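A.B. asks: The following block contains the structure, expressed as structure tokens.
The values are calculated or read from the model by the stated rules, or taken from the named source; none is laboratory data. Quick caveat: nothing in here was measured; it's all calculated off a predicted structure. Note that we place each Cβ from the backbone using ideal geometry, even for glycine, and neighbour counts take in every protein chain shown.
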Amino acid sequence: MNRKAVNWSLGVGAPLLLVALWWTLSSTSTNTFFPPLSIILERFQALWLFDHFTSDVLLSLRNLLLGYALATVIGVGLGFIIALVPVARWVLDPLIHFFRGIPPVALVPIFISLIGFGVEMRLLSITLAALFPTLIATVDGIRSVDSGLKDVSAVYRLTRREKMVQVYLPAAGPHIASGMQVSLQVAFIVMIASEMLGSSQGIGAMTLLAQQSFMISDMWAGILLLGIIGFAANLLFEIIKNKVLAWYVGSKRLARTA
Amino acid sequence: MAEANVSSDATVRLRVDGLAKSYGTGDKAKVVIEDLTFTVNAGEMVCIVGPSGVGKTTLLKCLAGLQPATRGQASIDGRTISGPPPEMALVFQDYNRSLMPWLTVRKNLMLPLRHLRLPAAEAKERCDSALEAVGLSHAEHQYPWQLSGGMQQRVAIARALAYRPEILIMDEPFASVDAQTRFDLEDLCLKIRQDFGMTILVVTHDIDEAVYLSDRVVVLGSKPAKVLKIVDVDLPAPRDQITTRSLPEFARQRTDVLSLIKRPA
């Protein structure tokens, strides 16, 4: 218990210490590219709380969330089909491995030329890029469902639907979750990249614009916000994952201590 | 056709008739089971013994309709088994891989029952009585991985009980539990048969266990598997781990079976 408390305070204390260090070291800075933290925070408040909050922050977050949700649904659904329908596997497997080899950001210029600079382009980029990690993890997860569990489902004559929902999906859950976590990071990267490359709206676009207009404090404020969003998104994901996969987390912990 | 040692008035529930199973085809075919013929009567407890690797698990998979036979057939009440039969439940050897780790004990029991679309009250009653029969009422909200091996196997047995099969098949169900648990589980089997009137077929490599449990022992020889002999076990009815096992008759029966298996093919 005591050790846990120490670990916690280290985990919270170290970042706070770094921020304090940044604050003091930068307080007298006259370097244009490294403005004092106090000024960055002032700009942060002026920009994001709440001048551009609805117009840019919410817009970015909405794209991220929507694109990610679509990628998850399509990834898991398609993953089931590829893992369970041999024909689909033969047709789609090479295609998937080709497309996932392309860095997602490289697709953004193609989408810009195909469908322009709109929200649809950004949404499509995010969805497509975030699709592959979840898809591949789902296929892996379902293919590695224990044959013992499959036999049990057969002996108790579960229907196809019952097998999918009550056996395959939970059994592949840990795999799917790790895929979804990677997808989340990719979605975040592509969200920013798509805004920087093909938009005048959103956090990414604003940050790049600030840099190009030599508003260095604004640029730093943008980076700070992106860091906070990325951190919060991952934290939220972990919390949900640990709740949904409590059985998995628990059994792993028990296996470690046993 | 009928087995010589089956009394004429008993009803045959499960019939295995010239069953053969091989994997692969042509020259590369690997024959696992050559030619098996035996029957199990209604309400009977039959054990199948044989050296490990003789194809006992393959046989059970054919009986459970998980794999098709290459030749011959298995039938229940005269109907050929071509898929998992509704009146049958199977307890697997490896409890680790047969319980759903994401479900609590009770929910593991409920999974097959949900498929049967039973009224909630009946499903609950079946779960309660099955858990009580295996002595795990206190563990219903725990996950399988929180339990010991013996307890997990009891959960798997309880799941089969709650399903209320007419025929229960068990594949080396006590192979990976300690000796004391093993005795308890054997007695649990005998109690199940008495309480639920099930027809039970147990595969084991433990000859003592086979003699202790069975009305008849089917002795398999290797390889490929064929029936060496079907031994009637005439031990008095309420069997007891201490008194039954110390009977001279018990020693004689187990020697009979053992010498069949030990004899060079």
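A.B. asks: If only one of B:Glu122, B:Glu166 is away from chain A (no Cβ under 11 Å) and in contact with an Asp or Glu (Cβ under 7 Å, 6 or more places away or on another chain), which one is it?
C.D. replies: B:Glu166
Yes or no, residue by residue, for (1) in contact with a Ser or Thr (Cβ under 7 Å, 6 or more places away or on another chain); (2) at pLDDT 85 or above; (3) under 30 Å from A:Ser200 (Cβ atoms):
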residue: A:Ser9; (1), (2), (3): no, yes, no
residue: A:Ala20; (1), (2), (3): no, yes, no
residue: A:Leu25; (1), (2), (3): no, yes, no
residue: A:His52; (1), (2), (3): no, no, yes
residue: A:Ala69; (1), (2), (3): no, yes, yes
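A.B. asks: Please identify the pairs in which a residue from the stretch A:47-64 that is in the same structural domain as A:Ala205 (by TED's automatic domain parsing) has its Cβ atom under 8 Å from the Cβ atom of a residue that is of a type in the set (Lys, Arg) and crowded, with 19+ Cβ neighbours inside 10 Å, counting only partners at least 6 apart or on another chain.
C.D. replies: A:Asn63/A:Arg122
A.B. asks: Of all residues in the stretch B:79-95 being within 7 Å of another protein chain (Cβ to nearest Cβ) and free of Cβ contacts under 8 Å to residues at least 40 places away in the same chain, which is surrounded by the most Cβ atoms within 10 Å (Cβ to Cβ)? Break it down stepwise before answering.
C.D. replies: Step one: list which residues in the stretch B:79-95 are within 7 Å of another protein chain (Cβ to nearest Cβ), which gives B:84, B:86, B:89-90, B:92, B:94.
Going one step further and asking which of them are free of Cβ contacts under 8 Å to residues at least 40 places away in the same chain, we end up with B:84, B:86.
On the way: B:Pro84: 19, B:Pro86: 13.
Once the filter is applied, the top-ranked residue is B:Pro84.
A.B. asks: Quickly run through the stretch A:152-168 and pick out the residues that are without any contact (Cβ under 8 Å) to a residue 60 or more places away in the chain and within 26 Å of the chain's Cα centre (by Cα). Break it down stepwise before answering.
C.D. replies: Quick first cut of the stretch A:152-168, residues without any contact (Cβ under 8 Å) to a residue 60 or more places away in the chain only: A:152-163, A:165-167.
Matches in the stretch A:152-168: A:Val165 only.
A.B. asks: Just name the residue that is farthest from B:Ala251 (Cα to Cα) out of those in the stretch B:206-238 that are modelled with pLDDT of 85 or more and not in a helix (DSSP H, G or I). Don't jump to the end; show me each part of the working.
C.D. replies: Going residue by residue through the stretch B:206-238, those that are modelled with pLDDT of 85 or more are B:206-220.
Those left that are additionally not in a helix (DSSP H, G or I): B:206, B:214-220.
Numbers: B:Asp206: 14, B:Ser214: 14, B:Asp215: 16, B:Arg216: 15, B:Val217: 15, B:Val218: 17, B:Val219: 17, B:Leu220: 20 Å.
Residue satisfying both the conditions and the ranking: B:Leu220.
A.B. asks: Counting just the residues of the stretch A:122-149 that are more than 21 Å from A:Ala88 (Cα to Cα) and among the charged types (D, E, K, R), which one comes out farthest from the other protein chains (Cβ to nearest Cβ)?
C.D. replies: A:Arg122
A.B. asks: Take the residues in the stretch A:209-219 that are touching a Ser or Thr at 6+ places or on another chain (Cβ under 9 Å) and more than 16 Å from A:Asp56 (Cβ to Cβ), then tell me which one is surrounded by the fewest Cβ atoms within 10 Å (Cβ to Cβ).
C.D. replies: Quick first cut of the stretch A:209-219, residues touching a Ser or Thr at 6+ places or on another chain (Cβ under 9 Å) only: A:209-210, A:214, A:216, A:218-219.
Adding the requirement that they be more than 16 Å from A:Asp56 (Cβ to Cβ) leaves A:214, A:216.
Numbers: A:Phe214: 9, A:Ile216: 18.
So, considering only residues that are touching a Ser or Thr at 6+ places or on another chain (Cβ under 9 Å) and more than 16 Å from A:Asp56 (Cβ to Cβ), the one surrounded by the fewest Cβ atoms within 10 Å (Cβ to Cβ) is A:Phe214.
A.B. asks: A follow-up question, please. Run down B:Ala69, B:Ala64, B:Ala74 and say which single residue is under 17 Å from the mean Cα position of the chain (by Cα) and more than 14 Å from chain A (Cβ to nearest Cβ).
C.D. replies: On the way: B:Ala69 fails: under 17 Å from the mean Cα position of the chain (by Cα); B:Ala64 fails: more than 14 Å from chain A (Cβ to nearest Cβ).
Only one candidate qualifies: B:Ala74.
A.B. asks: With respect to the numbered conditions (1) polar (S, T, N, Q); (2) more than 21 Å from the chain's Cα centre (by Cα); (3) under 29 Å from A:Gln166 (Cα atoms), which one is the sole condition not fulfilled by A:Thr138?
C.D. replies: (2)
A.B. asks: Scanning for something in contact (Cβ under 8 Å) with a residue 40 or more places away in the chain, charged (D, E, K, R), away from chain A (no Cβ under 14 Å) and within 23 Å of B:Ile76 (Cα to Cα), does the stretch B:172-187 turn up at least one residue? Walk me through how you get there before you give the answer.
C.D. replies: Keep residues of the stretch B:172-187 that are in contact (Cβ under 8 Å) with a residue 40 or more places away in the chain, which gives B:172-173, B:175-176, B:183, B:186-187.
Narrowing further to those that are charged (D, E, K, R): B:172, B:186-187.
Now drop any that are not away from chain A (no Cβ under 14 Å), which leaves B:186-187.
Next, only the ones that are within 23 Å of B:Ile76 (Cα to Cα) stay: none.
Taking every residue of the stretch B:172-187 in turn, none turns out to be in contact (Cβ under 8 Å) with a residue 40 or more places away in the chain, charged (D, E, K, R), away from chain A (no Cβ under 14 Å) and within 23 Å of B:Ile76 (Cα to Cα).
A.B. asks: I'd like the residue in the stretch A:220-258 that is within 14 Å of chain B (Cβ to nearest Cβ) and surrounded by 17 or more Cβ atoms within 10 Å (Cβ to Cβ) and, out of all such residues, is farthest from the chain's Cα centre (by Cα).
C.D. replies: A:Ser251
A.B. asks: From the list A:Ser183, A:Ser199, exactly one residue is away from chain B (no Cβ under 14 Å), touching a Ser or Thr at 6+ places or on another chain (Cβ under 7 Å), among the hydroxyl-bearing types (Ser, Thr, Tyr) and within 19 Å of A:Leu123 (Cβ to Cβ). Which is it? If you could, list the steps in order and put the result at the bottom.
C.D. replies: Details: A:Ser199 fails: touching a Ser or Thr at 6+ places or on another chain (Cβ under 7 Å).
Of the residues listed, the single one that is away from chain B (no Cβ under 14 Å), touching a Ser or Thr at 6+ places or on another chain (Cβ under 7 Å), among the hydroxyl-bearing types (Ser, Thr, Tyr) and within 19 Å of A:Leu123 (Cβ to Cβ) is A:Ser183.
A.B. asks: Looking at the structure I just gave you, is B:Arg154 within 18 Å of the chain's Cα centre (by Cα) and surrounded by fewer than 19 Cβ atoms within 10 Å (Cβ to Cβ)? So that I can check it myself, show each step before the final result.
C.D. replies: On the way: within 18 Å of the chain's Cα centre (by Cα): yes; surrounded by fewer than 19 Cβ atoms within 10 Å (Cβ to Cβ): no.
It is false that B:Arg154 is within 18 Å of the chain's Cα centre (by Cα) and surrounded by fewer than 19 Cβ atoms within 10 Å (Cβ to Cβ).
One line per residue, one yes/no per condition, for (1) surrounded by fewer than 20 Cβ atoms within 10 Å (Cβ to Cβ); (2) at pLDDT 85 or above; (3) touching a Lys or Arg at 6+ places or on another chain (Cβ under 9 Å):
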{"residue": "A:Ile102", "(1), (2), (3)": "yes, yes, no"}
{"residue": "A:Pro109", "(1), (2), (3)": "yes, yes, no"}
{"residue": "A:Phe117", "(1), (2), (3)": "yes, no, no"}
{"residue": "A:Met121", "(1), (2), (3)": "no, yes, no"}
{"residue": "A:Leu135", "(1), (2), (3)": "no, yes, yes"}
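A.B. asks: Can you name the number of the only condition in (1) out of contact with any Lys or Arg (no Cβ under 8 Å at 6 or more places or on another chain); (2) surrounded by fewer than 22 Cβ atoms within 10 Å (Cβ to Cβ) that A:Gln181 fails?
C.D. replies: Result: A:Gln181 passes all but (1).
A.B. asks: Inspect the stretch B:194-209 for any residue being at negative phi and without any contact (Cβ under 8 Å) to a residue 24 or more places away in the chain and give the result as yes or no. Quick ask: steps written out before the conclusion?
C.D. replies: Looking only at the stretch B:194-209, we keep the residues that are at negative phi, and these are B:194-196, B:198-209.
With without any contact (Cβ under 8 Å) to a residue 24 or more places away in the chain added as a condition, the list becomes B:194.
Looking through the stretch B:194-209, at least one residue is at negative phi and without any contact (Cβ under 8 Å) to a residue 24 or more places away in the chain.
A.B. asks: Tell me whether the stretch A:163-177 contains one or more residues that are within 11 Å of another protein chain (Cβ to nearest Cβ) and basic (Lys, Arg).
C.D. replies: Checked the stretch A:163-177: at least one residue is within 11 Å of another protein chain (Cβ to nearest Cβ) and basic (Lys, Arg).
A.B. asks: Would you check which residues across the stretch B:164-187 are part of a helix (DSSP H, G or I) and buried (at least 21 other Cβ atoms within 10 Å of the Cβ) and list them? Give the derivation first.
C.D. replies: In the first step, residues of the stretch B:164-187 are kept if they are part of a helix (DSSP H, G or I); the result is B:179-187.
The answer is B:Glu186, and nothing else.
A.B. asks: Of A:Met196, A:Met206, A:Met191, which residue is closer than 11 Å to A:Leu47 by Cβ, part of a helix (DSSP H, G or I) and in the same structural domain as A:Arg122 (by TED's automatic domain parsing)? Steps first, please.
C.D. replies: Values: A:Met196 fails: closer than 11 Å to A:Leu47 by Cβ; A:Met191 fails: closer than 11 Å to A:Leu47 by Cβ.
It is A:Met206.
A.B. asks: Take A:Ala129 and tell me if it is touching a Pro at 6+ places or on another chain (Cβ under 6 Å) and touching a residue at least 60 places away in the same chain (Cβ under 8 Å).
C.D. replies: Working: touching a Pro at 6+ places or on another chain (Cβ under 6 Å): yes; touching a residue at least 60 places away in the same chain (Cβ under 8 Å): yes.
For A:Ala129, the condition - touching a Pro at 6+ places or on another chain (Cβ under 6 Å) and touching a residue at least 60 places away in the same chain (Cβ under 8 Å) - is met.
A.B. asks: If you don't mind, there's one more thing I want to ask. So, of the residues in the stretch B:96-111 that are surrounded by fewer than 24 Cβ atoms within 10 Å (Cβ to Cβ) and either of a type in the set (S, T, N, Q) or closer than 15 Å to B:Leu161 by Cα (or both), which turns out to be farthest from the other protein chains (Cβ to nearest Cβ)?
C.D. replies: Here is the first cut: in the stretch B:96-111, the ones surrounded by fewer than 24 Cβ atoms within 10 Å (Cβ to Cβ) are B:96-97, B:100-104, B:106-107, B:110-111.
Next, from what is left, pick out any that are either of a type in the set (S, T, N, Q) or closer than 15 Å to B:Leu161 by Cα (or both): B:96, B:104, B:106-107, B:110-111.
Values: B:Asn96: 8, B:Thr104: 9, B:Arg106: 14, B:Lys107: 10, B:Met110: 10, B:Leu111: 6 Å.
Result: B:Arg106.
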